[in-house]
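Student: Just passing along the structure, written as structure tokens.
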Amino acid sequence: MFGSLNCPIAATTEDKALTTRVILVRHGESTFNAERRVQGHCDLSRLTEAGQAGAQQVGIALQDLTFAAAYSSPLQRAQETAELILSSLRAGSAPPLHLRDDLKEINLAEWEGLTFDQVEAQFPEGFRCWRDRPQALTMTRTTATGSEAFYPVADLYEQARQFWQAVLPQHNNETILIVAHSGINRCLINTAIGLGTEHYQSFHQSNCGISVLNFAGELGDPVQLESINLTAHLGEPLPKRRKGQTGPRFLLVRHGETEWNRQKRFQGQIDVPLNDQGRIQAKQAADFLEKIAIDRAVSSPMLRPKETAEIILQPHPEVTLALNALLCEISHGLWEGKLEAEIEAEYPGDLQQWQQAPETVQMPEGENLQQVWQRAETAWQQILQATPEHITDRPVTTLVVAHDAVNKALLCLLIGQDPSQFWVFKQGNGSVTVIDYPHGIDRAPVIQAMNITSHLSSGVLDKTAAGAL
């Protein structure tokens, strides 16, 4: 389904025929961000000193990449961020910068310039709608013929689609940089993977956060989310919790590397232990999370995730590790222990079907993805129900360590996707994903960051072994 670009990425089952890599960045902190004002189309907001420094840190983090082009919103907070990023790349490597109106932020005409507290006081019903069902919010805007009602989120989705349709065909087998805003960035991610407007808030975008999207073609073709909202380059290992967040946080980790990962051999439920590199990755994850308050921990009972969890928890000796067998890796049945070439020889055509339509594959004497979805959902519900709302007056943080297929299933479930979307999310060995329930487990979750691997190697790309599941 996916393959390698002309840049450092390992080829794997899920990395075939990639043609365009997109580095997506939100602008740096602005004066309106600092004052907690609604920005939207308003162009009075400028970068703060912290925002300027963040933009330069993004440029330094991206220095190993070669960009064919850079695109930015023309609003000054985004344009200035883009210019600072490009000025921080290696000398002579900055691509031309193109300003596009279809990268502007969401149009919240009636609220722009107001603080969020003022919006809540003056527009209580609209504010509640924005918080709980932003896709249903309506506003009025002025046009050449008068005024009209419109749906800001739906308009922004269409804007994102127009951008992808115009730009992707120009950049086959190239890497491009996009610098824009929180709302439009979320719409770019969502339209890329086919999420509807009801998922507008499913992914968080921090100031100067970096996301990596890999396209196999144009809009509508397969897309892989390699990572979402990386912030380690800013000195923030994990994105900050939202202001006023009362619900729990979950740190979803994939186990460290095994020798079979390195060999690209299907392991499934064969209990392969970590190799030396996998133990190093687990220790790197432990160092990365050492200063994070971890209150609870759950792992698959298989050797590779259990040892990964135990290493991560060494700086947290007060935390007891619970095991949940529903988190075990997918059973590949008779494929287990085999390389791709061996599977193709014994089961001709099945491997291609697994790569292109995984939801249709029944592993011989093993599982199908529907079965993995069912037990992953049950495991997650068990974890949620066992999670207290608070510990010592702060939200709870739970570590969950599992496997590639199970983690992919969980992430798809969190955004309402079915097994046909299995390959959308990348999960590197030793990677960390951050999932928040800002308003409690009975409300929608937010993927704050996905597939963080910056603690494992330099740069923003996932360079972990890209082997079979």
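Student: Which of the GluC sites (Glu not before Pro) found in region 340-418 are loop residues per DSSP with 15 or fewer other Cβ atoms within 10 Å of their Cβ?
Tutor: In loop regions of region 340-418 (DSSP not H, G, I, E or B), the sparsely surrounded GluC sites (Glu not before Pro) are 365, 389.
Student: Can you tell me the length gained on complete extension of the stretch residue 141 to residue 66, counting 0.36 nm per residue apart and subtracting the Cα distance?
Tutor: Taking 0.36 nm per residue and subtracting the Cα distance, the gain is 22.9 nm.
Student: Once you sort the root eigenvalues of the Cα gyration tensor of region 166-319 as a ≥ b ≥ c, which label holds: rounded (a/c under 1.5), prolate (a/b larger than b/c) or oblate (the other case)?
Tutor: Here region 166-319 falls in the oblate category.
Student: Now, a different point. Please give the net charge around residue 207, taking every other residue with its beta carbon less than 11 angstrom from that of residue 207, where Lys and Arg add +1 and Asp and Glu add -1.
Tutor: Here the charged neighbours net out to +1.
Student: On to the next question. Report the convex hull volume per residue for the chain, counting only C-alpha atoms, in Å³.
Tutor: Cα convex hull per residue, to the nearest whole number: 140 Å³.
Student: While we're on this one: What fraction of the DSSP beta bridges in the chain is antiparallel, stated in percent and rounded to the nearest 5?
Tutor: The antiparallel proportion sits near 50 percent.
Student: Enumerate the residues in region 235-265 having an amide nitrogen under 18 Å from the point lying 7 Å beyond the Cα of residue 339 toward its Cβ.
Tutor: 258-265
Student: Give me the mean projected area, in nm² to one decimal, of the convex hull enclosing the Cα positions of region 196-285.
Tutor: 9.4
Student: Calculated FRET efficiency, residue 218 and residue 150, Cβ-Cβ r, R0 41 Å, to nearest 0.05?
Tutor: Result of the calculation: an efficiency of 0.90.
Student: Turning to a different aspect of this structure: Once you have the Cα-Cα distance between residue 444 and residue 318, take 0.36 nm times their residue separation minus that, and quote the gain in nm to one decimal.
Tutor: Stretched fully, the residue 444-residue 318 segment lengthens by 42.4 nm.
Student: Return the percentage of antiparallel bridges among DSSP beta bridges fully within region 249-452, rounded to the nearest 5 %.
Tutor: 50
Student: Provide the packing ranking of 381-387, 191-197, i.e. peptides ordered by the mean count of other C-beta atoms within 10 Å per residue, highest first.
Tutor: Working: 381-387: 15.0, 191-197: 18.7.
Packing proxy ranking, top to bottom: 191-197, 381-387.
Student: Would you mind computing Rg(Cα) / (2.2 N^0.38 Å) for region 249-452, counting N as its residues?
Tutor: 1.01
Student: Now for a different question. Where does each of 310, 226 land when they are ranked from fewest to most other beta-carbon atoms within 10 angstrom?
Tutor: By the 10 Å Cβ count, ascending, the order reads 310, 226.
Student: Treating the angle as unsigned and between 0 and 90°, give the value, to the nearest 10°, between the Cα long axis of helix 404-414 and the longest Cα principal axis of the chain.
Tutor: Helix 404-414 and the main axis of the chain meet at about 40 degrees.
Student: Which one of 251, 268, 328 has its Cα pushed farthest toward the positive end of the charge dipole of region 249-452, where Lys and Arg give +1 and Asp and Glu give -1 at the Cβ?
Tutor: Value: 251.
Student: Residue separation times 0.36 nm, minus the C-alpha to C-alpha distance between residue 271 and residue 31: what's the value? Show your work: numbers first, answer last.
Tutor: Details: separation 240, 0.36 × 240 = 86.40 nm, distance 5.28 nm.
This chain segment gains 81.1 nm when fully extended.
Student: Per residue, how much space in cubic angstrom lies within the convex hull of the C-alpha atoms of region 67-173? Mind dumping the intermediate values first?
Tutor: Values: hull volume 15.9 nm³, N = 107.
Convex hull of Cα atoms, per residue: 148 Å³.
Student: Another question, then. If you keep only loop residues by DSSP, which trypsin sites (Lys or Arg not before Pro) in region 40-91 have at most 16 other Cβ atoms within 10 Å of their Cβ?
Tutor: For trypsin sites (Lys or Arg not before Pro) across region 40-91 that sit outside H, G, I, E and B with at most 16 neighbouring Cβ atoms in 10 Å, the list reads 46, 90.
Computed from the coordinates by the stated procedures, all read-outs in this text should not be read as laboratory data. On a predicted model such as this, the values are computed, not experimentally measured, just so you know. Here the Cβ is made from the backbone with ideal geometry for all residues, glycine too, and neighbour counts use every protein chain on show.
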